[in-house]
Every structure is written in C-alpha cells, then in structure tokens.
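These notes concern the structure reproduced below.
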Amino acid sequence: MSKPRKILVTSALPNANGPIHLGYLVEAIQTDIWVRLQRMRGHDCRYVCADDAHGTATMLRAEEEGIGVEELIARLQGEHARDLADFAVGIDNYYSTHSPENRELAEYFYRRLSEGGHVTTRNVRQFYDPERGIFLADRFIRGTCPKCKSENQSGDNCEVCGAIYSPVDLIDAVSAYSGAKPEERDSEHYFIKLADFEKLLRAWVTPQRLQSEVVNKLEEWFSEGLKDWDISRDAPYFGFEIPDAPGKYFYVWLDAPIGYMASFKEYANRLGLDFDEYWKADSEAEVYHFIGKDVVYFHCLFWPAMLHAAGFRMPTAVYVHGFVTVDGAKMSKSRGTYITARTYLDHLNPEYLRYYYAAKLGTGMGDIDINFEDFVNRVNSDVVGKVVNIASRCAGFLHRIFDGRLGISLDNPELVALAAGQAEEIASQLEGRNYNRAVRMIMALADDANKYIDERKPWEMAKDPDRRDELHKVLTTGINLFRTLMVYLRPILPVTAANAEAFLRVSDLQWQDATRPLLDHEINRYSALMTRVDEKAIEKMIESSKEELPDEPSPGGLTENPIEPEISYEDFAKLDFRVARIIEATPVEGADKLIRLQLDLGGEERTVLAGIKAAYDPASLAGRMTIVVANLAPRKMRFGVSEGMVLAAGEGGSEIFLLHPDEGAEPGMRVH
C-alpha cells in the first residue's frame with residue numbers, strides 16, 4: 001500500500017432556488033463513488049459541498065413564496081442535505097455560500113485581485129426587465145445563440161455550441177421572468193482582467209488535470225482571446241456587497257467557487273484541521289472538483305486565475321461530466337421525466353440509480369441517458385440476479401447443515417484468488433472514473449461465480465451425507481466470492497454493502513479485504529439485500545412528476561419535423577462524428593440483420609444496434625475501429641435501445657462496408 005494521500009474533493013454547488021433532481025445526482029453520485037474508493041484504500045479524503053445561495057433567482061423565488069430570502073435558503077439547504085444523504089452521498093460538510101466564512105474569503109480574493117492591478121471598471125449596457133424592475137442576470141435572459149443560432153439559450157453561454165458571449169449579443173432576447181423584451185441601460189461594472197493570467201492558465205491546462213475534450217475547448221477560448229470577466233451586479237441583488245462600492249454586489253459566480261473553500265474552512269475550524277495544509281500555494285494535498293460541462297469556463301479559467309491571484313493553490317484536477325437525458329430527450333416536466341430526488345425516493349431504492357449511473361459513467365463528457373427499460377434490466381439482471389443471488393444460494397445450506405459457519409478451507413481457491421487478483425485493476429478503473437469498465441469487470445466475476453455454483457450443484461450435494469465436507473468447501477467458496485464482489489461494489493452500493501457486512505458479521509469492508517479469505521467464521525441468516533425493480537413504481541414516479549407545462553425546446557431547437565430536402569452547413573455541423581473501438585460484437589437474437597456493438601468512445605461506452613449482419617461475422621469485429629454519430633438521440637427499437645449510429649457505405653446486404661479512421665486514431669477523437 002502506497003503512502004496515504006491527503007485529498008479534498010468537491011462537487012458543484014446546487015442552486016438554492018429549487019429541489020435537487022436526477023441531473024444533479026449524476027454528479028453527486030459520481031463524486032461519492034470516487035471519495036468512497038479513496039477512503040476504502042486508506043487515504044484521508046474529505047468531501048465538502050454547499051448550496052449556491054446568491055443571485056437574482058433566489059431573491060425572486062423567495063418573493064414568489066412570500067418569505068424572506070434567508071428563510072428560503074435555510075429551508076432548501078436542509079432539503080438538499082437530506083436528499084443527498086438519502087442517496088447515500090457521504091458529504092462531510094454541506095454548507096451555504098451565504099456564510100461569514102464565504103464573505104470574508106470573497107472580500108480577501110477581491111482585495112488581492114485589486115492590489116495586483118487585475119480589477120478595472122467601465123460602463124456597460126445591460127438588460128433591465130421593465131416589468132420586474134430589476135437588472136437581469138445573464139442566465140435569466142433567453143434568446144437565440146449569436147454563433148450557432150440555437151434557440152432558448154441563456155444570456156451568458158450556449159448549451160449547444162459552448163459559445164461564451166454577452167447577453168446583448170443574444171438574438172430576440174426576452175426576460176426569463178416576465179417574458180418582456182428587456183431594455184438596455186448603462187451601469188458601472190467591475191471586471192477582472194482575465195487576459196492577465198493567460199500564460200499561467202495555458203501552463204495549467206494539461207491532460208494531467210483535464211479531460212482531452214476540456215483541453216480542446218479551452219484551446220478554442222484561448223485562440224479567441226480571454227475577455228474581461230464582469231464580477232459585479234447592481235441592486236437589488238441577493239449576495240455580498242462589494243467593499244467601498246455601495247449598491248454593487250459580487251456576481252454569484254465570484255463567490256460560488258470560493259464557497260468550496262468556505263465550506264472546508266467551517267469544517268476545518270470545527271474539527272481542528274489545518275486549512276492551509278490543503279489550500280496554501282505549495283500544499284502537498286490534492287484538490288479535485290467534479291462539475292458538469294456547462295460550468296467549464298468558470299472552473300477552468302476564472303477559478304484557477306482567482307486562486308493564483310489570491311495566493312492559494314490551484315486544483316489538482318477538474319473532472320467534467322455530461323448532462324442527463326431521459327429516454328433520449330431533455331428532462332421534461334410535462335412528460336414526467338423531470339424527476340426530483342425526493343420524488344424518486346418516494347418510489348424507488350436510491351441504490352438502483354447509483355448502480356445505473358455507475359454502469360453508464362466513463363471518463364468522457366458524453367450525456368448520460370436514463371432509459372427505464374434498460375434501468376430495470378441492468379439492476380434486476382446484475383445486482384439482484386447475479387450478485388446478491390450468490391449469497392442467497394449459499395446461505396440457506398450453510399445454516400441448515402453447518403449452523404451458519406464457514407469452513408476452514410475452500411473448494412476452489414484458484415477462483416477466489418482470480419477474483420481477488422482483479423482488486424488493483426478495478427481500483428484503477430474507479431480511480432480513473434472508468435466506472436462503466438469497472439462494473440463490467442465486477443459483473444464478469446459475478447458470472448464466473450454463478451457458473452461455478454451451477455457446475456458444482458450444492459443443492460445436489462446437500463442430499464448426500466457423504467459429501468458434506470465437499471459441500472462445506474463449495475459453500476465457503478461461494479460466500480467468499482460474494483464477499484469479494486461486495487468489496488468492489490461498496491463504493492457504488494454502500495447501503496447494500498453495509499447490509500452485506502451485517503449478513504457476513506464483519507466490520508466495514510476495506511479494499512484489501514478482497515485478498516483475505518473469510519474462513520471458519522459464523523455468518524447470519526440471509527435476508528434480501530436488494531429486491532427487483534418494480535416497473536409499476538417507475539410508472540407511478542413518472543406520473544407523479546408530470547406537470548401541465550409546455551416543454552422547453554430541446555438543446556439546439558431540434559424538432560420532430562421531417563428532414564427537408566436540403567440542410568444548411570450549420571445543421572450539418574451539429575453532427576458529432578467520433579472514433580470508436582468495437583469492444584464486443586454479438587448477433588441480436590431474433591433479428592435477421594442486426595449486430596449489437598459495444599463501443600468505446602474514449603472513456604464512454606455505448607451500445608449500438610447496426611444492420612450489418614449480412615456483411616460481417618460478429619466475431620471478426622472486436623477490436624476494430626469505426627466512426628459513430630455520437631450525438632444522435634438514443635432510439636428505442638424492438639430489440640433494445642441503440643445509442644448512436646455507426647457509419648457505413650455500400651449497396652446493402654453483404655455489400656456494406658464500415659467506415660474506419662486512419663491508422664493512429666484513438667477512441668473519442670472527433671472526425672472532421
């Protein structure tokens with residue numbers, strides 16, 4: 001075991017103006033799995049978060065409810081902390097950006113930036129809602145992106161093409177609050193001269209700290225030139241007033257990331273930890289941020305620049321994930337797919353979602369699609385049908401015949417050693433956030449364990465008194481294989497693992513326990529560790545989530561209209577072609593033309609159903625490189641869900657030829 005590491009981890013801050021939903025939970029769960037792995041490996045890993053309390057949206061939400069802003073944020077902070085805890089997200093300190101620690105730190109950052117000559121002021125024209133009597137925060141102005149022409153985009157950045165712009169550049173802008181056409185008014189604003197830090201940021205932006213997609217995006221922004229960052233907003237505004245600037249407030253995005261530090265500072269003060277050990281410029285500790293792809297600009301440009309200017313260390317790495325869609329579409333209130341954490345918890349086991357997200361998450365920034373048919377099949381087949389089934393198959397015989405005591409030796413020590421031998425590789429995949437690959441490895445071991453039990457047939461041995469010693473060894477082998485699987489699944493399924501620990505009568509499983517067989521040990525009687533997903537519960541959850549509201553347009557303004565004879569270059573440019581490696585290819589039972597392809601898109605895995613069976617033997621495809629349309633919405637077909645489309649040419653039938661990239665291409669590379 002290497003020297004224990006000192007690690008601080010954060011996930012992005014939920015907004016204190018509404019409930020947590022399944023979209024945010026992908027980040028919280030991804031972070032929590034990573035943190036739990038570090039703790040199981042013996043590292044000192046702290047996880048802090050907070051509510052992002054400031055801004056116009058919070059102020060207006062309180063106004064709508066007829067309560068004070070501080071009453072609203074206190075209530076939502078409690079609700080958010082409760083929901084995250086009920087999903088077994090083990091945050092050490094869940095705080096708020098509206099705190100004395102955050103005010104003190106924000107003012108300190110501002111002073112250091114000012115003293116360094118990095119703050120300037122100038123008059124700006126900004127949007128003002130004449131009906132509500134307020135200046136509009138950028139994200140509460142909606143309009144058409146000036147770059148890619150996607151509709152219903154916010155006033156600061158485009159979700160579709162990633163462009164960063166001023167709200168005055170939006171086409172046909174309207175207020176998100178009143179729908180009124182905003183007026184332009186002049187006001188003095190404070191700016192940070194981000195270009196002052198370009199050399200520093202270029203040196204910090206490396207593949208060791210950021211995913212390749214993020215590095216590429218940042219390079220685009222560097223090439224466009226770093227623009228001054230507006231850090232002030234005019235009253236009325238809920239936030240911290242800028243020192244010596246009456247009526248001017250820090251923009252929420254200035255104090256929001258500082259909230260990570262403020263949460264840790266409050267936590268460190270309570271526990272007697274040294275704040276500087278983690279945040280001083282030459283700290284040997286590690287700091288990691290888990291975020292969504294919509295806030296890359298803030299976390300990978302503004303934040304490291306601010307930290308450096310204030311004399312603090314910059315992040316060790318920033319890990320970025322994609323958005324969450326449901327059945328291939330943006331979450332929708334009218335369809336019942338905009339599901340809050342609490343609504344989910346009212347109907348389903350939270351560990352179903354933890355496992356499903358883990359099975360889908362890779363290192364890339366691709367969106368995570370929740371397909372409920374796939375959700376049911378994965379949980380029922382993998383966790384219930386493969387893993388906990390091992391314990392239930394063995395425990396009954398152990399208690400009926402051997403008083404619940406494991407034997408002193410194993411029937412197949414080689415198989416147990418083989419499972420234990422995967423510990424470092426599975427840990428490496430989880431450390432690298434290749435959760436989907438780790439899950440595939442764990443389930444392959446579960447398949448081996450079930451195959452072993454099927455071949456040894458303990459139920460037949462139990463009928464023969466002369467085979468008791470042999471039976472005892474087989475059952476002991478089965479329980480040890482189950483225990484090893486639960487070690488590997490504990491970061492993903494902590495509640496199920498805790499119940500398994502109670503069943504096995506062992507203390508908290510640690511990673512090294514995978515290599516230590518459990519022998520001559522009494523276990524408890526088995527009770528169900530996880531039950532099958534009830535599809536009717538999913539239907540009820542969706543029904544209870546429905547609201548009679550018009551759907552928002554999907555990103556890019558995509559519609560269900562038929563394809564026109566001609567499309568513009570801008571439409572064609574929306575297609576995202578990526579290099580993919582075929583991991584596995586299998587025929588689709590019952591289908592004449594389809595092959596099921598398991599594809600690696602560089603840290604993200606996809607399943608694609610391709611009509612190429614007449615042209616290719618599935619056994620010949622594994623390991624080949626091909627090209628896939630990566631941003632095609634998943635399509636539900638008779639034989640399953642296809643998460644993209646591979647490119648091929650030819651007349652059809654046996655005359656189909658998969659397109660492939662040139663030699664040297666790697667999975668995930670964009671094809672231009």
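The values are calculated or read from the model by the stated rules, or taken from the named source; none is laboratory data. These numbers come from a predicted model, not from an experiment. Neighbour counts run over all protein chains shown; Cβ positions are idealised from the backbone, glycine included. Heads up: the accessible areas ignore ligands, DNA and RNA and are worked out on the full protein's heavy atoms, side chains in. Shrake-Rupley method; radii C 1.70, N 1.55, O 1.52, S 1.80 Å.
Results, tabulated for the structure shown:
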item	result
Convex hull volume per residue for the stretch 295-360, taking Cα atoms only, in Å³	149
Whole-Hz couplings from phi, Karplus 6.51/-1.76/1.60, listed for the stretch 154-166; x for Gly and Pro	7, x, 10, 7, 9, 5, 8, 9, x, 4, 10, 7, 8
Long-range HN-HN contacts of A622 with modeled amide H, under 5 Å	A585
Kirkwood hydrodynamic radius of the stretch 450-540, from inverse mean 1/r over distinct Cα pairs, in Å	15.0
Cβ-placed point charges (K, R +1; D, E -1), dipole of the stretch 337-399 about Cα centre in debye, nearest 20	260
Nearest 10 degrees, 0 to 90: helix 69-86 Cα axis against the chain principal axis	20
Burial order of peptide ranges 126-133, 93-100 (average beta-carbon count within 10 Å, highest first)	93-100, 126-133
Net charge of Cβ neighbours under 13 Å - reference Y356; Lys, Arg +1; Asp, Glu -1	-2
Amide H partners (placed H, <5 Å) of I370, local residues excluded	T325, V326, D327, G328
Relative packing of peptides 4-15, 575-586 - highest average C-beta neighbours within 10 Å first	4-15, 575-586
Formal net charge of residues neighbouring L345 (Cβ-Cβ distance under 15 Å; K, R +1; D, E -1)	-2
In sequence order, calculated HN-Hα J values of the stretch 534-542 (Karplus, 6.51, -1.76, 1.60; Hz; x Gly/Pro)	8, 4, 5, 5, 5, 4, 5, 4, 5
The stretch 323-372 and the stretch 32-108: distance between their alpha carbon centers, rounded to Å	21
Projected label distance in nm at R468 and L345, using a 7 Å step from Cα toward the beta-carbon	4.9
Cut-off under 5 Å, modelled amide H: who pairs with N17 long-range	none
Alpha carbon convex hull of the stretch 267-310, volume per residue in cubic angstrom	94
Percent carbon-and-sulfur accessible area, the stretch 111-179, ignoring ligands, DNA and RNA, probe 1.4 Å	44
Per residue, in Å², the accessible surface of the chain once ligands and nucleic acids are set aside, probe 1.4 Å	43
Furthest towards positive pole of dipole, M461, P634, L136, structure part the chain, Cβ charges	M461
Dmax and Rg, reported as Rg then Dmax, of the chain (C-alpha, Å)	27.1, 93
Local electrostatic count at W511 - Lys and Arg +1, Asp and Glu -1, tallied over other residues with Cβ under 13 Å	+1
Furthest towards positive pole of dipole, N216, C161, I656, structure part the chain, Cβ charges	I656
Estimated dipole of the chain in Debye, rounded to 20 [Cβ of Lys and Arg +1, of Asp and Glu -1, Cα centre]	1620
Most positive-pole-ward Cα, N269, V296, A309, against dipole of the stretch 265-311 from beta carbon charges	V296
Partnerless Cys - the chain, beta-carbon criterion under 4.7 Å	C45, C49, C300, C394
Rg to Rh, two decimals, where the stretch 100-179 supplies the alpha carbon set and Rh follows Kirkwood	1.10
